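Here the structure is laid out as structure tokens; the discussion comes afterwards.
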Amino acid sequence: MPAAVKKLPARTMHFALPLALTLVMTFFVSGVATIRAIGFADGMLSSWMESWTASWLMAFPIMLFLMPVMRRLLGRVIEQK
């Protein structure tokens, strides 16, 4: 049997969650926006990847900053277990 894959420590979640969320969300949102703007034209994939990169470069640091702020704000209006 292969050895079990070692998991990352729990403390990495505060970095890994926004990283994964912003990568996935900006990928799809920039794709939709690019297709709506230029359609399935020549160079669409290249334009999409450029848009994705720019979107992610903005989204990731914003998400790192806003995630704890939003948790606190929502904690005021959402009942906790």
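Coordinate-derived values only; no laboratory data. Model, not experiment: these values are computed from the prediction. In this analysis, Cβ positions are derived from the backbone assuming ideal geometry, glycine residues included, and neighbour counts consider all displayed protein chains.
Observations on the structure shown:
Yes/no per residue for (1) part of a helix (DSSP H, G or I); (2) surrounded by 12 or more Cβ atoms within 10 Å (Cβ to Cβ); (3) in contact with a Pro (Cβ under 6 Å, 6 or more places away or on another chain):
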| site | (1), (2), (3) |
| --- | --- |
| 3 | no, no, no |
| 24 | yes, no, no |
| 34 | yes, yes, no |
| 48 | yes, yes, no |
| 65 | yes, no, no |
| 71 | yes, no, no |
| 74 | yes, no, no |
| 78 | no, no, no |
| 81 | no, no, no |
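- Residue count for region 26-70, restricted to those that are aliphatic (A, V, I, L, M), within 23 Å of residue 14 (Cβ to Cβ) and free of Cβ contacts under 8 Å to residues at least 24 places away in the same chain: 6.
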